[in-house]
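The values are calculated or read from the model by the stated rules, or taken from the named source; none is laboratory data. Since this is a predicted model, take the numbers as computed values, not measurements. Note that we place each Cβ from the backbone using ideal geometry, even for glycine, and neighbour counts take in every protein chain shown.
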Amino acid sequence: MEQNNKPMKKFKAGGITAAVWESKIQLQNGRSAPVQSVTVDRSYKDKDGQFKNTSNLKLNDLPKAIMVLTQAYQHLLTKEGEEEASASFSSNREVV
């Protein structure tokens, strides 16, 4: 599965970030299809003051993670709904 280097969209709450990614998978029929995924990570400063990222969340991180994951979920649902509406509109148009 091929993945872009930049996320499609990011949602942030404090040090917690949810990133929405789109990649393409190869289907058995030879065609490719887009697939979305979401990653969550927490940024923190290490003992030397350098920023680092981890996927390990602490108890106090969970409400923020829930919030950014909900935003990512809503974004994907809205994006999917827009694509379906657009495809439906295109297929229902009459040629004059």
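So which strands (runs of 3 or more DSSP E) stay within segment 1-73 end to end and still have 3 or more residues that are of a type outside the set (A, V, I, L, M, F, W, C) and farther than 27 Å from Glu83 by Cβ?
By residue number, 32-45, 51-54.
When only residues in segment 1-48 that are basic (Lys, Arg) and out of contact with any Gly (no Cβ under 9 Å at 6 or more places or on another chain) count, which is surrounded by the most Cβ atoms within 10 Å (Cβ to Cβ)?
Here the residue is Lys9.
Please go through segment 15-29 and give me each residue that is of a type in the set (Gly, Ala, Ser) and either touching a helix residue (DSSP H, G or I) at 6+ places or on another chain (Cβ under 7 Å) or modelled with pLDDT under 90 (or both), ordered by number.
Ala18
Can you name every residue in segment 35-49 that is within 22 Å of Val68 (Cα to Cα), free of Cβ contacts under 8 Å to residues at least 40 places away in the same chain and not β-branched (Val, Ile, Thr)?
Ser37, Asp41, Arg42, Ser43, Tyr44, Lys45 - these are the residues of segment 35-49 that are within 22 Å of Val68 (Cα to Cα), free of Cβ contacts under 8 Å to residues at least 40 places away in the same chain and not β-branched (Val, Ile, Thr).
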